[in-house]
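Visitor: To start, I am sharing the structure in question, which I have written as structure tokens.
The values are calculated or read from the model by the stated rules, or taken from the named source; none is laboratory data. Everything numeric in this text was worked out from a predicted model, so none of it was measured. For neighbour counting, all protein chains shown are included, and Cβ atoms are generated from backbone atoms with ideal geometry for every residue, glycine included. We work out accessible area using only protein heavy atoms, side chains counted, and drop any ligands, DNA or RNA first. Shrake-Rupley method; radii C 1.70, N 1.55, O 1.52, S 1.80 Å.
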Amino acid sequence: MKKLLYIGLFTICSILAACGGSRTGASMAGGDTIVFKYARDISIVKYKDYTVAKIRNPWKEGMLLHTYILVPKTEKQIPYHLPEGDLIRTPIDRSVISTTAHCQLLEYLHAADAISGVFDLKYILIPDIHSRVKRGKITDCGNGMSPEIEKIICLKPQALFLSPFDNSGGYGKIQTLGVPIVECADYMETSPLGRAEWMKFYGLLFGCEKRADSLFLVVSHTYNTLKRKAAGLPLGRSILTERKTGSVWYCPGGASTVGQMISDAHGRYAFAKDKHSGSLSLSFEQVLDKAGTSDVWAFKYDAPHPMTKAQLLQEYSGYTALKAFRTGDIYECNSSKVPYFEQTPFRPDFLLRDLIQMLHPGVNLGGFRFYRKLE
């Protein structure tokens, strides 16, 4: 009898322990998975009274970078059986944003009022952000590498949006504030539409899910329409991107978003077969050997005045060895004048349109948005 009693008690205790301690049991069942067609580093499952968002670590195969538990503010009580992860009450209406791209996305989603503070204001080319900073509606929280902690504390943000880096060593003092850090790893996606699709996640955070879904439908449809149009054209010209920085020339890897976009524009790229998703650190000699005969040279820069060929030669006389320099097929993008870094991450269709026109002379898709031919 005692033996049966012990067995019964053990069974009941086991059941209670499973209900109270397990974070992947009944409370995790029956969720609806949000479909990501292009993004590979994020997954989201919606449950009755909360949502679980998991971000894969892009630098460590099979590891998670972060897990977020989103609980609507309409839920007066925090659900008892929540899985492990950083809790964020949604929608967020006070946030600090570290990148110009995410500021622009919130403008697209009509959620810019939720921006309470920004880092690196001088790199944000969004007139409304600067206007609101001047009017005291947004706080300039200083340099992203050494933020002004006191200002952040005064803002009482509900989330901090920061870009993670491999082996960065964390976020320093900002991690001690007790404010959820949303790690914006979207830039590590290897496809342009993969990165843009992260807007579904940000839409959930800021309470504009339907608007984000609608915008992504427009972006993906436009991008794929342009891609099909380019595929129907003869193989386009070859292109070399960026320029020397000190002793190094950083070229996009073949598996990077830019490498993918050149392919989608039906153009040729000397490093297309490379498997790196980031940048290649090359010497000028390596670039010249591999891509010196490229038909087009396109680069970005940040300066108060337009770039000239004479300035390029002052910077480095070796540029004369490039075929595109000699033929004059040079396209420049002054990122201090045009919103390249603001718009292209979540509107890759804008950049693809420029690339198609650049690589297929005679094709007019409404003119260039970011680039202009160097005179």
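Visitor: Name, by its number, the condition in (1) modelled with pLDDT of 95 or more; (2) over 21 Å from the mean Cα position of the chain (by Cα) that does not hold for LEU193.
Guide: That leaves (2) as the condition not met.
So that you can scan it fast, the table gives a plain yes or no per residue for (1) open to solvent by less than 30 Å² (accessible area, probe 1.4 Å); (2) closer than 19 Å to ILE181 by Cβ; (3) among the acidic types (Asp, Glu); (4) at pLDDT below 95:
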| site | (1), (2), (3), (4) |
| --- | --- |
| ILE42 | yes, yes, no, no |
| ALA53 | yes, yes, no, no |
| TYR80 | no, no, no, yes |
| GLY85 | no, yes, no, no |
| THR90 | yes, yes, no, no |
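Visitor: Right, something else. Do we have any residue at all in segment 342-358 that's out of contact with any helix residue (DSSP H, G or I) (no Cβ under 6 Å at 6 or more places or on another chain), at pLDDT 95 or above and over 30 Å from ALA112 (Cα atoms)?
Guide: Yes - at least one qualifying residue is present in segment 342-358.
Visitor: Just wondering, is there one or more residues in segment 138-154 that are crowded, with 20+ Cβ neighbours inside 10 Å, at pLDDT 95 or above and under 19 Å from the mean Cα position of the chain (by Cα)?
Guide: Step one: filter segment 138-154 for residues crowded, with 20+ Cβ neighbours inside 10 Å, giving 138-139, 141, 147, 152.
Now drop any that are not at pLDDT 95 or above, which leaves 138-139, 141, 152.
Narrowing the set further to residues that are under 19 Å from the mean Cα position of the chain (by Cα) leaves none.
No - not one qualifying residue is present in segment 138-154.
Visitor: Could you check segment 169-182 and list, in sequence order, the residues that are open to solvent by less than 60 Å² (accessible area, probe 1.4 Å) and either more than 22 Å from THR139 (Cβ to Cβ) or in contact with a Lys or Arg (Cβ under 8 Å, 6 or more places away or on another chain) (or both)? First the steps, then the outcome.
Guide: Step one: filter segment 169-182 for residues open to solvent by less than 60 Å² (accessible area, probe 1.4 Å), giving 170-172, 174, 177, 179-182.
If the condition is that a residue be open to solvent by less than 60 Å² (accessible area, probe 1.4 Å) and either more than 22 Å from THR139 (Cβ to Cβ) or in contact with a Lys or Arg (Cβ under 8 Å, 6 or more places away or on another chain) (or both), then GLY170 is the only one that fits.
Visitor: What number of residues in segment 268-277 are among the hydrophobic types (A, V, I, L, M, F, W, C), in contact with a strand residue (DSSP E or B) (Cβ under 9 Å, 6 or more places away or on another chain) and open to solvent by 30 Å² or more (accessible area, probe 1.4 Å)?
Guide: 1
Visitor: Can you name the residue in segment 257-267 that is in contact (Cβ under 8 Å) with a residue 60 or more places away in the chain and open to solvent by 20 Å² or more (accessible area, probe 1.4 Å) and, of all such residues, is farthest from PHE346 (Cα to Cα)?
Guide: HIS266
Visitor: Scan segment 214-223 residue by residue and report those that are surrounded by 14 or more Cβ atoms within 10 Å (Cβ to Cβ) and either closer than 13 Å to TYR108 by Cβ or under 16 Å from the mean Cα position of the chain (by Cα) (or both).
Guide: LEU215, PHE216, VAL219, SER220
Visitor: Hey, another quick one. Determine the pairs where a residue that is on the phi > 0 side of the Ramachandran plot, located within segment 345-370, has a partner that is among the polar types (S, T, N, Q) and open to solvent by 10 Å² or more (accessible area, probe 1.4 Å) with Cβ atoms under 8 Å apart, the partner being 6 or more residues away or on another chain.
Guide: Final answer for the pair search is GLY367/GLN357.
Visitor: GLY254 fails exactly one of the following numbered conditions: (1) farther than 21 Å from PRO361 by Cα; (2) buried (at least 19 other Cβ atoms within 10 Å of the Cβ); (3) touching a residue at least 60 places away in the same chain (Cβ under 8 Å). What is the number of that condition?
Guide: For GLY254, the failing item is (3).
Visitor: Find all pairs meeting these conditions: Cβ atoms under 6 angstrom apart; at least six residues apart or on different chains; first residue within segment 94-113 and of a type in the set (S, T, N, Q); second residue assigned to a loop (DSSP other than H, G, I, E, B) and open to solvent by 30 Å² or more (accessible area, probe 1.4 Å).
Guide: SER98/GLY144
Visitor: Considering segment 330-375 alone, what residues qualify as being among the acidic types (Asp, Glu), more than 15 Å from ASP302 (Cα to Cα) and either open to solvent by 30 Å² or more (accessible area, probe 1.4 Å) or in contact with a Ser or Thr (Cβ under 7 Å, 6 or more places away or on another chain) (or both)?
Guide: Answer for segment 330-375, where residues must be among the acidic types (Asp, Glu), more than 15 Å from ASP302 (Cα to Cα) and either open to solvent by 30 Å² or more (accessible area, probe 1.4 Å) or in contact with a Ser or Thr (Cβ under 7 Å, 6 or more places away or on another chain) (or both): ASP349, GLU375.
Visitor: Could you please find all residues in segment 278-302 being within 27 Å of ARG195 (Cβ to Cβ) and either open to solvent by less than 60 Å² (accessible area, probe 1.4 Å) or touching an Asp or Glu at 6+ places or on another chain (Cβ under 8 Å) (or both)?
Guide: Taking segment 278-302 and keeping what is within 27 Å of ARG195 (Cβ to Cβ), we get 278-282, 287, 290-291, 294, 296-302.
Selection gives GLY278, LEU280, LEU282, VAL287, ALA291, SER294, VAL296, TRP297, ALA298, PHE299, LYS300, TYR301.
Visitor: Failed condition for ARG94, given (1) open to solvent by 50 Å² or more (accessible area, probe 1.4 Å); (2) closer than 23 Å to THR67 by Cβ; (3) modelled with pLDDT under 95, with all others met?
Guide: In the conditions (1) open to solvent by 50 Å² or more (accessible area, probe 1.4 Å); (2) closer than 23 Å to THR67 by Cβ; (3) modelled with pLDDT under 95, ARG94 misses (3) alone.
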